[in-house]
Every structure is written in structure tokens, then in C-alpha cells.
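What follows is a set of notes on a single structure, which appears directly below.
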Amino acid sequence: MSTTHRLVTSALLSLCLVGAATSAPETPAPTPQAAVWQMHHAQFDYFGITSRYTCDGLEDKVRQILEYLGARSGVNVFATGCPRGPESFSRTALVRVDFSTLAAAPENGAGADTIAATWAPLRVVAQRPSFMGDGDCELIDHMRKLLTDNFSWRGKVAYRTDCPIETTEFHDYQIQGELLKPSDQRAH
């Protein structure tokens, strides 16, 4: 009797699991998008009221941001204008960048240079990704044009910065949207 009871219980449990698996909504797989790398040359002036960087530190932070957003490895960043040298803190710098980002390939342009990409949701806020902090608000504000003009975004991009002067508290920024990124991170 106990063997029959175990078989019935096992069969009912199996039916419940199958039913739950078939009734759960499936997350659609991202639609692949053929893409090509495009080279960009850009520059921006950094002027920080509450946040100061060394020129070396500014180069590293800008490189991290660009690569996190999907720029191809090998981003070149040059910050100049630190009056006491590249390792001294400064409120101002001129930042020049050379980098490649993905752009959707023409519909009939499947060729050797195309790679598989997908539209990926992106959200950048203080502490996310982990290398970002409250003090990066002014930098994100100064990078707005560079980021919105040189990356492929789909739909509306929510780009907001609220960097109050004279305080390092309550800095708030957010970049949110769908960004074209390589499907295979090795192609990055």
C-alpha cells in the first residue's frame, strides 16, 4: 500500500511540475542584430565643483565607463590640463577619446565585418556598476553628449543628472535605455 501511495504522490508531483513549467511565461530570447564597429573621436571639457580627479584617474574612469557601455576593448583616453602633472588632483581637464562602438549593419550588408549583437537593457546609477560612485555625478553630466551621440541606443534614453554644488551628498544620476552590445563578449 505504501508503494502505491508513493507512486501516486510521485505521479501527481510530476504532473504539477510539468504543468508549472508549461504555464510559466517564457522570456523571449533576444533578437540578434547584425552590427559593425564604428570608430569615434571625441572630446569634452571636465570641470568639477565638488569632484576632483587626477588626469590618470580621469582617464581610467572614462575608459571604464565606455567599456561598460559596450565600447570595444582598447579605448584610448587622454586627459590633459592637470597643472601639477598627471598624478595631481585637478578640477579641470580636457579629455580626448578614441574608441569603437557598435552600429546596426545595413539590412543587405552582411559581410565579413559584421558581428552578432543584441539590444541589452542598461542602467547606470551611483554604485551600479560597482566602480561608479556619488562623486562621479559631474563626470556623467559632462559625458552626456559623448555617450548619447556615439553609442547605438534604441528608443528613448533616460539621462538625468542632479549634481548639487557645494555638497558631495545626494548626488543623483541615471542613464537608462537599450544599448547595442556584442552577443559574444569575446568579440568585444
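We did not get these values from a lab; they are worked out from the coordinates using the rules stated. Keep in mind the model is a prediction, meaning the values are calculated, not measured. Backbone-built Cβ (ideal geometry, glycine too); neighbour counts: all protein chains shown.
Among 54, 92, a tally of other beta-carbon atoms within 10 Å of each Cβ gives an order, fewest to most, of 92, 54. Across the stretch 79-91, coupling constants 3J(HN,Hα) worked out from phi with the 6.51/-1.76/1.60 Karplus curve, θ = phi - 60°, read 10, 10, x, 6, x, 10, x, x, 9, 9, 6, 8, 8 Hz, and Gly and Pro carry x. Dividing the Cα radius of gyration of the stretch 54-112 by 2.2 N^0.38 Å, with N the residue count, gives 1.51.
The ranking of 173, 53, 159 from fewest to most other beta carbons within 10 Å of each one's beta carbon is 159, 173, 53. The Cα center of the stretch 115-182 and the Cα center of the stretch 57-87 differ in position by 16 Å. Over the Cα atoms of the stretch 28-73, what is the Rg over Rh ratio if Rh follows Kirkwood? Rounded to two decimals, Rg over Rh is 1.13.
Ranked for footprinting exposure by Cβ neighbours inside 10 Å, fewest first, 67, 107 give 107, 67.
Ordering 44, 121, 83 by Cα displacement along the dipole of the stretch 33-187 toward the positive end leaves 121 in first place; charges were set at the Cβ atoms of Lys, Arg (+1) and Asp, Glu (-1). From the C-alpha coordinates alone, can you work out the Kirkwood hydrodynamic radius of the stretch 33-187, in Å? Evaluated over the stretch 33-187, this radius sits at 16.3 Å. Using the Cβ of residue 176 as centre and a radius below 10 Å, the other residues enclosed give a net charge of +2, where K and R count +1 and D and E count -1.
Can you check what the net charge comes to around residue 159, using other residues whose Cβ is under 12 Å from the Cβ of residue 159 (Lys, Arg +1; Asp, Glu -1)? Value of the local net charge: +2.
Charge dipole (Cα centre; +1 on Lys/Arg Cβ, -1 on Asp/Glu Cβ; no other charges) of the stretch 33-187 amounts to roughly 240 debye. Summing charges over neighbours of residue 38, with a neighbour being any other residue whose Cβ is under 15 Å away from its Cβ, gives -1 when K and R count +1 and D and E count -1.
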